[in-house]
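The structure appears below as structure tokens.
Nothing in this text is a laboratory measurement; each read-out follows from the coordinates by a stated rule. What you see is a predicted model, and the numbers here were worked out from it, not measured in a lab. Cβ: placed from backbone, ideal geometry, glycine included. Neighbour counts: every protein chain shown.
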Amino acid sequence: MARNVDEALAPILSGLEWLGIDWDEGPGVGGPHAPYFQSQRSAGHKAAVERLLASGHAYRDFATPDDLDEERKAAQAAGKPFLYSRRFAAFDDATAARFVAAGRSGVVRLKMPREGALVIDDAVRGRVEFAWEREQDHVIQRADGSCLYHLASVVDDHDFDITHVIRAEEHLSNTPRQAFIALSLGYTLPAYAHLPLVAEPGSRTKLSKRKLAQYLKNQDFKQVAEHGTRIAERIGLAPEADTFNPVIVDFYRAVGYLPWAIDNYLTLLGWSYDDSREFFSREELVAAFTLERINSSPASFDPKKLWAVQDHYMHALPVDEKLPLMLPYLERAGLLADPPTAEQVAIVRQAIEAAGDRLKVAGDILAYADFFLVDEPVMDEAAVKQRLAKPGVRDVLVAAAESLRTTAPFAPAAIEAALKQVVEARGLKTGDVVHAVRVAVTGRTVGPGLYETLAILGRDRSLARLDRALPLAG
RNA sequence: GGCCCCGUCGUCUAGAGGCCUAGGACACGGGCCUUUCAAGCCUGCGACACGGGUUCGAAUCCCGUCGGGGUCACCA
């Protein structure tokens, strides 16, 4: 089975797996209807074609592409919709033999009805009607005997006992020819449900992974893309924009989104439960979901809303569950020993706790914990300029260090009290001390709460960093 | 262009004739809190595409207009 999973399929299957979207039977699982790949079922497809031929629902056709082109152009010139004349159709063996003798090769086409209409009752769209005369005599089998997707798909669905065909709206116009095949083969039609398309941010056009450059002009989209790229680069992924971007599932996996957040968000695109409920566990969603509440208009992908849903779930995740999700990012960024020491793990755990809601995706740990794991923090130039290189800061740092030298226990509450004392003694504002100390020990202006940060760092490292920052202070 | 689908705040949506001076969420604006950044809390802005009907009454039903989208392969 595995060798049949080609390069294009593997990422799709692994993407679904990551999202937690599994299947009862099929590739990788097996089941009573195996095999599950179209390429392995060609015998059944060919048999179906023979049946259609025998029952007069299909015919052998010997037209060349040029013949068809000619007819198409003529119809266009006459302002009429194109409909093949069946001029090169062979409804019996003798005719076929004649075409073959003339050097033509044949395909099999559907002999579509030229009157009447197909009415389907779509679970999402309701009653939809198609006039048969608008349908082309589509090819279902090539000259080499291989069958085309629409034929294969209908036969496979039937053989698999598929009851519901639920797919994107772009397939709505394919339904008549598929229904014709099914009906002609004597199958009972499955229930159809055509889902709204996921559209581009701020638009109603179908989202396409080939139009990334255009989406990047959208501020929200750009922000998400850049945030992800920053993380990817730090773990050595060297992402390329055309394969690593927010329309690809793997982007979210690499950056550290929670798969269920994506599922939940996507569910909300075109479906609602009621006038207010938006969050569902997997079990709740399975119980609550119905086709009836699917919308029929396209829904545009909103990166900001996805972000909010992700925030919600990450927010709710216990530290014990965040830890194994985040550790790999630090490992891949080279900030941890291999394997990480118990001490390192303990530090990361504390950092996760201290960073709290600031960690939106697992990869964010890189921005909020890296300075705990290095000997010397990278000093951000702008941060130094803003918070250290100012008159009087040096004295503040010295005083803070002095106070921290004896603070006991070296824990957030005591550290806060100690630093507040420095503030009062010098008639400063809390921020004056906090901002300066933060930049001195982390190299940055933003981060977890300073008292927690110092506690995690520990007295020795805190003092050492304060000391090292002195030359930079004014 | 033909056929088909769709049209409520910027976005996702609730709404199946009176419950709608149209509700919720995200985003956005203002405020509070505050050691940064987040989070949280309060608050504001903001929509029934348009035009005709039907009805005592329409976002909800009908018709038309306009607008948007999908699809038109010997691809899947």
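How long is the gain from A:Asp144 to A:Val446 if the chain were fully straight, where each residue apart is worth 0.36 nm and the alpha carbon distance is subtracted?
On the way: separation 302, 0.36 × 302 = 108.72 nm, distance 6.55 nm.
Length gained, A:Asp144 through A:Val446: 102.2 nm.
Using θ = phi - 60° and the Karplus curve 6.51 cos²θ - 1.76 cosθ + 1.60, what whole-Hz ³J(HN,Hα) does each residue of segment A:78-88 get, with Gly and Pro shown as x?
Once rounded to whole Hz, the list reads 7, x, 10, x, 6, 8, 4, 6, 6, 4, 9.
In segment A:352-376, which residues have a backbone nitrogen under 15 Å from the label point lying 7 Å from A:Arg468's Cα in the Cα-to-Cβ direction?
A:370-376
So what are the ³J(HN,Hα) numbers for segment A:11-16, from phi and the Karplus equation (6.51, -1.76, 1.60; θ = phi - 60°), rounded to whole Hz, Gly and Pro as x?
Result, rounded to whole Hz: x, 5, 5, 6, x, 5.
Counting only helical runs of four or more DSSP H residues, what would the 222 nm mean residue ellipticity of chain A come to if each run contributes -39,500 (n - 2.57) and the total is spread over all its residues?
Working: 21 runs with 225 residues, N = 474.
So the calculated ellipticity at 222 nm is -14500 deg cm²/dmol.
Based on other C-beta atoms within 10 Å, arrange A:Ile12, A:Ile248 from fewest to most. Walk me through the numbers on the way to the answer.
Numbers: A:Ile12 12, A:Ile248 16.
Least crowded to most crowded, the residues run A:Ile12, A:Ile248.
Hey, can you grab everything whose amide H is under 5 Å from the amide H of A:Phe82? Only 5+ residues off in sequence or another chain; H modelled, so Pro and N-termini drop out.
Placed amide hydrogens put nothing under 5 Å from A:Phe82.
Tell me the relative contact order for segment A:317-422 as a rounded percent, counting alpha carbon contacts under 8 Å between residues six or more apart.
Once normalised by length, the contact order is 20 percent.
Scan chain A and report its longest stretch carrying no trypsin sites (Lys or Arg not before Pro) that are both in a DSSP loop and have at most 16 other Cβ atoms within 10 Å. Can you show the working numbers first?
Working: sites that count: A:Arg86, A:Arg87, A:Arg114, A:Arg142, A:Arg204, A:Lys217, A:Arg277, A:Arg426, A:Lys429.
The longest such stretch corresponds to A:278-425.
Could you work out how far helix A:65-77 tilts from the main Cα principal axis of chain A, as a 0 to 90 degree angle to the nearest 10?
90
Can you tell me the orientation of helix A:303-316 relative to chain A, as the angle in degrees between its alpha-carbon axis and the longest Cα principal axis, to the nearest 10?
60
Using the Karplus curve 6.51 cos²θ - 1.76 cosθ + 1.60 with θ = phi - 60°, what ³J(HN,Hα) values do you get for each residue of segment A:196-210, in whole Hz, with x for Gly and Pro?
x, 6, 8, 9, 4, x, x, 8, 10, 7, 3, 5, 9, 6, 8
Which net charge results when you count Lys and Arg as +1 and Asp and Glu as -1 among the other residues whose beta-carbon is under 12 Å from that of A:Lys73? Walk me through the numbers on the way to the answer.
Numbers: positive: A:Arg72, A:Lys80; negative: A:Asp66, A:Asp67, A:Asp69, A:Glu70, A:Glu71.
Summing Lys/Arg as +1 and Asp/Glu as -1 gives -3.
Remind me, relative contact order of segment A:143-192 in percent, using alpha carbon pairs under 8 angstrom and six or more residues apart?
With pairs under 8 Å counted, the relative contact order is 47 percent.
Under 1.5 on a/c is rounded, so check that first for segment A:111-167, then, if it is not, pick prolate when a/b is larger than b/c and oblate when it is not; a ≥ b ≥ c are the square roots of the alpha carbon gyration tensor eigenvalues.
Details: a/c = 2.95, a/b = 1.18, b/c = 2.50.
Oblate, since a/c reaches 1.5 and b/c is not below a/b.
Over chain A, what is the percentage of antiparallel beta bridges among all DSSP beta bridges, to the nearest 5?
Numbers: 18 of 25 bridges.
Taking every DSSP beta bridge within chain A, about 70 percent pair in antiparallel fashion.
Between A:Ala199 and residues 5 or more places away or on another chain, which pairs have amide H atoms under 5 Å apart, with H built 1.01 Å from N, and which residues are they?
So A:Ala199 has HN proximity to A:Leu207, A:Ala299, A:Ser300, A:Phe301.
Once amide H atoms are placed 1.01 Å from N in the peptide plane, what residues at a sequence separation of 5 or more from A:Ala89, or on another chain, have their amide H within under 5 Å of its amide H?
A:Phe62
Only counting other Cβ atoms within 10 Å, I'd like A:Tyr313, A:Tyr215 sorted with the fewest neighbours first.
On the way: A:Tyr313 17, A:Tyr215 24.
The fewest-first ordering by Cβ neighbours comes to A:Tyr313, A:Tyr215.
Pairs of Cα atoms under 8 Å, at least six residues apart: use those to get the relative contact order of chain A, whole percent.
Values: 607 pairs, mean separation 49.7, N = 474.
Here the relative contact order equals 10 percent.
Give me A:Val384, A:Val348, A:Val198 sorted ascending by neighbouring Cβ count inside 10 Å, so fewest comes first. Working shown, then result.
Details: A:Val384 19, A:Val348 24, A:Val198 16.
Going from least to most buried by this count: A:Val198, A:Val384, A:Val348.
Under 16 Å from a point 7 Å along the Cα-to-Cβ line of A:Asn295: which residues of segment A:120-154 have their amide N that close?
Residues A:124-125 qualify, since their backbone N sits under 16 Å from the label point.
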